[in-house]
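All remarks here apply to the structure that follows.
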Number of protein chains: 2
Amino acid sequence: MEEKKDYTATQEQLARFAKALGHPARIAIMHFLAKQKTCYFGDIHEELPIAKATVSQHLKELKDAGLIQGEVETPKVKYCINRKNWQLACELFKEFFGQCICKSGECC
Amino acid sequence: MEEKKDYTATQEQLARFAKALGHPARIAIMHFLAKQKTCYFGDIHEELPIAKATVSQHLKELKDAGLIQGEVETPKVKYCINRKNWQLACELFKEFFGQCICKSGECC
DNA sequence: AATATTGTTCGTATATTTGCAAACAACATT
DNA sequence: AATGTTGTTTGCAAATATACGAACAATATT
């Protein structure tokens, strides 16, 4: 009977970030947010070819993954990147891609 | 009536890669493959806490996304990273994370 | 020709994702 | 108190994703 390793916390975290980024609308949102300090829901909605309910849903997923944060400024809602986790994601992906022996030309 | 932009090809490609990486098993597979030139299905299966049918399925998704490639060496199957697309993914993610004004400390 | 080895594919079950319209919530304005 | 503005939440439908065992395919060995 083999020993079946579980996934590491880092693998789980990386997968979580990747999953959150696994939709063009969410990539577009992050892309848009990355370019500015903050912006409102309406601005984001205008950028996307989908209904506001769907935009709200995608924002919720990004928020749940920790990549963005929202703040109510009645009657609007202001969104921005969660800097700390963005940094973390950046580092995790960098490390992930950096580990390949491709770097030394030995890959495949 | 607002103009609803479609997603760019880069956003679609990035989302596709991210989606493929959006599961801990697939992160683990890439992690494992990145450490060696090549390896067989059985080696990958041993590393994971899931049934072989499921491993095969995850490998297919990574292959469809272009991140890995497989080659039959009867009776085994040899997998390795698709170097060209790995490079592409690496660059796209690097650019994606590099664009944030976080860099200049203005974020949020 | 029966058996063993290595993976893939099929069939199935369950859960999650995606998308929208309609209803709702909170507040400001009329 | 009715209306308008800005987003969220709900309810629903369709499509995907995840996981497994069983059946299968291809070849090698007995």
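Remarks
- Of the residues A:ARG83, A:ARG26, the one with the fewest other Cβ atoms within 10 Å heads the list, and the complete ranking is A:ARG83, A:ARG26.
- Each copy carries a label point for B:LYS60 at 7 Å from Cα toward Cβ; from one copy, the others' points are 3.2 nm away, ordered from shortest.
- Average partner coverage of A:86-97, which counts Cβ from other chains inside 10 Å: 4
- For a label point 7 Å along the Cα-to-beta-carbon line of B:LYS37, residues of the range B:77-96 with backbone N under 18 Å: B:77-84
- Inter-chain Cβ neighbour average for residues A:75-81, partner chain, 10 Å: 1
- Among the listed pairs A:LYS37/A:LYS60; A:LYS63/B:LYS60; B:LYS37/B:LYS94; A:LYS60/B:LYS19; A:LYS35/A:LYS84; A:LYS19/B:LYS60, those with a Cα-Cα distance over 21 Å are A:LYS63/B:LYS60; B:LYS37/B:LYS94.
Readers should treat all values here as calculations from the given coordinates under stated rules, not as data from a laboratory. Not measured: the values here are computed from a predicted model. Neighbour counts are summed over all protein chains in view; Cβ atoms, including those assigned to glycine, are modelled from backbone coordinates with ideal geometry.
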